[in-house]
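Undergrad: If you scroll down you'll find the structure; I have some questions about it.
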Amino acid sequence: MFWELIAANRRKSFLLFVGMAALLVTLGYFIGEATMGEGGGNIGIIVATAVWVIMSAASVFGGPDIVLRMSRAKPVTSDVHPQLFNIVEEMKIAAGLPAMPKVYIIDERAPNAFATGLKPENSSIAVTAGLLTKLNRDELQGVIAHETSHIMNRDVQFLTLASVMLGSIVLISQVFLRGMWYSGGSSKRWRSSKKSEGGGGGAPLIIIAIVLAILGPIFARLLYFSISRQREYLADACAVRLTRYPAGLAGALEKISQSPLQLDAANQVTAPMYIVAPLGGPKATSWASTHPPIQERIAILRGMSEGAGFLSYQHALAKVRGKPSMIMPASAIKKDERVAVREAHPDVAREQSEKDKTRDVMDLMRAVNGFAFLLCACGLKIKLPPEFEEASVKCPRCGRDNEVPRAQVSEFAEVAAAVGAIVGTPTKPDASGPPFAQPAPGGSSGADAPLEYRRRAHKKWESFSCACGHLLQLSPVFSASQMKCPNCSRITRIV
Amino acid sequence: MAALIFLGVVVLAVVFFVGIYNSLVGLRNRVKNAWSQIDVQLKRRHDLIPNLVETAKGYMTHERETLSAVTEARSRAMGAGSVADKGAAETQLSQALSKFMVVVENYPDLKANQNFLSLQEELTSTENKIAFARQSYTDAVNFYNNKIEMFPSNVVAGMFNFRPETFFEIEDAAQREAPKVSFTR
């Protein structure tokens, strides 16, 4: 059923593309005729095409990378956030993508996400750190499914090509209109062409050109926006179809829309790509917006009463809007059977407090950025930036001097991946491993340095790894001051 | 002139024939590909189970039976050959696992174990992946089986021995229980 959908999308994209291309060429022709006189039309067409070719080349070759860099997205490995990677892989399988999308994390508190990449074979998904803090597993799956749908439906490809076309039309119109404005319609060229034509066809031509230059961009923009909005609905419908769980995406959209935080990394260029318009933008049911109103999207998802199929989405949409409207091609709906909604992931019940989660994700971001962590005796976790060079660091809270384990810092700067082990506090459900016992601060460095593990939560179960990698358990009633590893018989002090 | 028309018809027929044959081969490969996706995840699940059992053993001293049921179901699933056999064996494994996960609820110490938590996330995700891969496998098999039954492609299918593929069934009850794999704490 996705195949029909993709095929229909491709046809539509192509038609729209041809339409916009025709507009661009017509615009070029009339502007050329108007400014350069007889035969200028052809030059106008050539100039318009050249502008378009240059702009598309730039966006095709540099596009995805530029977008990721503009958004300050950092590539991460699966060790940093195993759950995120698992979910991306699940969706990759569900959508039948030919390759695993690359995963990026944006160091921002505002929850949001986007997908980029012109081809499904070479795509990327970026999520903000705030998204990871706020959402549970089902909601995160909904968001990733939405982004995966964009990749699957070739929306990125389409939006890139369409926005380049739109950009070319706007650029050419602007240059022409500004030129007209400043020269007051009486430039040498304009007058000479008028003379050569004997004052005949010049005036109507220039009026047509002006009208086109004013209306063309508006028309193209509206077309672009309407298709972009439609693709958002479509991606929502596909996300539900993929996850079979409308409440996940609905919950995610609610949480994202309730967040008052602004996404600093977004700008005019990247804004249309996010799952929720990050810049606020025109309010409500505006036809000049790239995203459908979020409350409507949520209402549709919450109103899906006939399972998780396309038809159910279509009906919910019609109910919310009060009139039937087609979002997806009939052929895709027809082939789509009834899809039952699955049950919630029990993870939902295990909501970590948001404060804990935020702390975890902030640590995760620091880990991605090459920070190292040092636990002071007073309980404060000192964060060391990768460029930190000193041999010891003064604790900002208690003033104690803490020795910096060199290996730790350099290791972190090189492989941010190894970090999961130390990021993982006992409250974190998806850490890739238990924390390691650390060399005691102030002790002599060397192979025989006494190991030390600081309890993070008393009267609770805790586990940590000995230096040999063996897993040690601390029970809630454990009260001794040291523990012997049964594997390597090294002694770790418990503080 | 007549010869030319005849030649044209023959060329068209051959092109048509080759087209059908190629699309059938493509569809069969899609089925194979979809199956290998499932297979990878089933193997992954088999690989995860010894670790899981090993971690649980230390805590679940009174649950030898549940643990050995999981281990046995695993080895049976690993030994299964055909797609249908695998379906049955994997269903049993899913059931044994969900029983195990219910029992885990009684062991808060185990549930707090970091190692166990990450294994549990892996297992949940693997079960999800199996379910998703199964969807696309079912889609692919459906499409392919329809194609080799419908005219005119059934003629080509008959000539070159394209056989219908089997669906991979994991019982629905087990599927519904599978999410219980991850547990609250």
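The values are calculated or read from the model by the stated rules, or taken from the named source; none is laboratory data. Keep in mind it's a predicted model, so treat the numbers as computed, not measured. Here the Cβ positions follow ideal geometry from the backbone for every residue, glycine too, while neighbour counts run over all protein chains shown. With ligands, DNA and RNA removed, areas are computed over all heavy atoms of the protein, side chains included. Shrake-Rupley method; radii C 1.70, N 1.55, O 1.52, S 1.80 Å.
Undergrad: Assigned to a helix (DSSP H, G or I) and either within 14 Å of chain A (Cβ to nearest Cβ) or open to solvent by 20 Å² or more (accessible area, probe 1.4 Å) (or both), is that true of B:Asn29?
TA: Details: assigned to a helix (DSSP H, G or I): yes; either within 14 Å of chain A (Cβ to nearest Cβ) or open to solvent by 20 Å² or more (accessible area, probe 1.4 Å) (or both): yes.
It is true that B:Asn29 is assigned to a helix (DSSP H, G or I) and either within 14 Å of chain A (Cβ to nearest Cβ) or open to solvent by 20 Å² or more (accessible area, probe 1.4 Å) (or both).
Undergrad: Sticking with this one: I'd like the full set of residues that are open to solvent by 10 Å² or more (accessible area, probe 1.4 Å), under 15 Å from the mean Cα position of the chain (by Cα) and in contact (Cβ under 8 Å) with a residue 40 or more places away in the chain, limited to region A:96-111.
TA: A:Asp107, A:Glu108, A:Arg109
Undergrad: Right, next: Scan region A:460-477 for residues that are in a loop (DSSP other than H, G, I, E, B), within 12 Å of another protein chain (Cβ to nearest Cβ) and modelled with pLDDT of 70 or more and jot them down.
TA: Once the filter is applied, which keeps residues that are in a loop (DSSP other than H, G, I, E, B), within 12 Å of another protein chain (Cβ to nearest Cβ) and modelled with pLDDT of 70 or more, region A:460-477 yields only A:His470.
Undergrad: Considering each of A:Val80, A:Val67 in turn, give the residue that is assigned to a loop (DSSP other than H, G, I, E, B) and either within 14 Å of chain B (Cβ to nearest Cβ) or open to solvent by less than 50 Å² (accessible area, probe 1.4 Å) (or both). Reasoning before the result, please.
TA: Values: A:Val67 fails: assigned to a loop (DSSP other than H, G, I, E, B).
Going through A:Val80, A:Val67 in turn, the sole match is A:Val80.
Undergrad: Taking region B:79-133, which residues are assigned to a helix (DSSP H, G or I), more than 27 Å from B:Val31 (Cβ to Cβ), within 14 Å of chain A (Cβ to nearest Cβ) and open to solvent by 10 Å² or more (accessible area, probe 1.4 Å)?
TA: Within region B:79-133, B:Val102, B:Pro108, B:Asp109, B:Lys111, B:Ala112, B:Asn115, B:Ser118, B:Leu119, B:Glu121, B:Glu122 meet the criteria.
Undergrad: Still on this structure, I have one more. Could you please give the count of residues in region B:136-170 that are at pLDDT below 85, within 10 Å of chain A (Cβ to nearest Cβ) and open to solvent by 50 Å² or more (accessible area, probe 1.4 Å)?
TA: Matching residues across region B:136-170 total 1.
Undergrad: Just checking: which of the helices (runs of 4 or more DSSP H) contained wholly in region A:118-230 hold 1 or more residues that are open to solvent by less than 50 Å² (accessible area, probe 1.4 Å), modelled with pLDDT under 80 and of a type outside the set (Asp, Glu)?
TA: A:155-183, A:188-197
Undergrad: Take B:Arg76 and tell me if it is touching a helix residue (DSSP H, G or I) at 6+ places or on another chain (Cβ under 7 Å) and within 14 Å of chain A (Cβ to nearest Cβ).
TA: No, not satisfied.
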